[in-house]
Amino acid sequence: MNDKSFDALRNEHRRELLLALLEHNPQTVTKPIPAGGEVAPADADRQFQTAMYHQHLPKLEEYGFIGWDRDSHEIVKGPQFDDIRPLLGCIHDHTER
């Protein structure tokens, strides 16, 4: 394990994406995640998509945990995915209970 693994898992959206890739490959980033609070759903979706495209996906790609095709919006396991797999397995096992 390294600091990149913990940094990648620090954010809920990155963690959910990596957990989804643990069981299924590939994924797309077109599925909106519901947001709470006082933000209108359309605004929340826009904020989510912006954060994913400009912050979360580039970071996960830089770490090598995902491969990301910006044209097709397809995300696959990256060359370093196996480095984070043990942590994801632990998180998955504890959230399934």
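Readers should treat all values here as calculations from the given coordinates under stated rules, not as data from a laboratory. These numbers were taken from a predicted model, which means no experiment stands behind them. FYI the Cβ positions are ideal-geometry reconstructions off the backbone, even for glycines, and counts take in every protein chain you see.
Overview of results
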{"read-out": "11 Å beta-carbon shell around V76, net charge (K/R +1, D/E -1)", "value": "-2"}
{"read-out": "Long-range amide H partners of G67 with built H, under 5 Å", "value": "V76, K77, G78"}
